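One structure is given below, encoded as structure tokens.
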Amino acid sequence: MIQLFRLSKSFGPSTALSDLTMRVHKGEFVFVSGPSGAGKTTLLRLIFGSEKPTSGHILINGINLSRINRSKLDLLRRSVGFVFQDFKLLPAKTVFENVALALQVIGYRRTFVRKRTHQCLKLVGLAEKEKAFPLQLSGGEQQRVAIARAIVKNPLILLADEPTGNLDPDLTEDIMVLFKTINMKGATVIIATHSRELLKGGAQRTISLIRGRIVGER
Ligand SMILES: Nc1ncnc2c1ncn2[C@@H]1O[C@H](COP(=O)(O)OP(=O)(O)OP(=O)(O)O)[C@@H](O)[C@H]1O
Ligand SMILES: [Mg+2]
């Protein structure tokens, strides 16, 4: 479970999040919506531990992120996948290597790494692009590499930041089905988006942010 308690984050004079309290249960599927600048990315980065709150607390399965050291945080992150809004792919590595690396750093065996990496690239429709480099890909293809990298380690928590921003409607639907499948297997999924298209089904819990505050939930 993810618990956020009175969380605030400022960057100098600008406040990205203010006094945010919420919890996401294990196995939940949640959207975080809101206009550009609302604080969606900041919220995901705080949960991932790559940004520290100015005040307040973040508990992941009861572990207070501000009370653990770097190596414990790294350990915790092994079970968290993050689809970055700006992809963060390594330009000098191939598509295959970018995805495989997420498993190699955890120390999985080579045969497993190869099999699982192929499998995930196939899931996002990129089996044919394994040997390409990120800059040889379209924006939507790069985004799908970022998605494959986030799901390859079977994360318990999947944080996805505007994960379909570069995809056409058909691919968007495929990726959402993929996320729902991962969720049904037990992972907690949090998706940040300002896409009305993505939110329009309305069946999922949606937390709306404006200027760093929760302004609604449904
Ligand atoms: N590293 C930073 N330094 C200074 N200000 C920042 C930084 N990161 C975020 N902010 C500010 O915090 C606010 C929230 O930014 P954030 O990136 O979380 O918004 P967002 O909801 O993800 O927007 P978008 O939909 O455009 O991705 C913005 O006003 C932004 O300028
Ligand atoms: Mg953002």
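List of remarks:
- Taking the stretch 101-218 and dividing mean pair separation by its residue count, relative contact order in percent (alpha carbons under 8 Å, at least six apart): 20 percent
- Of all beta bridges that DSSP places with both ends in the stretch 75-218, some 30 percent have antiparallel geometry.
- Within a straight-line Cα-Cα reach of under 19 Å, residue 88 can be paired with the following aspartates and glutamates, leaving aside sequence neighbours fewer than 8 residues apart in one chain: 51, 74, 97, 130, 141, 161, 162.
- For residue 158, the residues whose amide H sits under 5 Å from its own are 81, 188, 189, 190, ignoring neighbours fewer than 5 places away on the same chain, with H placed 1.01 Å from N.
- Amide H partners (placed H, <5 Å) of residue 210, local residues excluded: 215
- When the chain is reduced to its Cα atoms, the Kirkwood hydrodynamic radius in Å: 17.7 Å
- Mean separation of Cα contacts under 8 Å, 6 or more apart, over the residue count of the chain: relative contact order %: 31 percent
- For residue 93, a cut-off of 26 angstrom between C-alpha atoms picks up these lysines, skipping any fewer than 8 places away in its own chain: 115, 122, 129, 131, 153.
- The three principal axes of the C-alpha atoms in the stretch 110-218 carry coordinate ranges of 46, 29, 24 Å, sorted with the longest axis first.
- Taking amide H as placed 1.01 Å from N in the peptide plane, the amide H of residue 17 sits under 5 Å from that of 9, each at least 5 places away or on another chain.
A short reminder: the numbers here are calculations on the coordinates, not readings from a lab. This one's a predicted model, so the numbers in the text were calculated from it and none came from an experiment.
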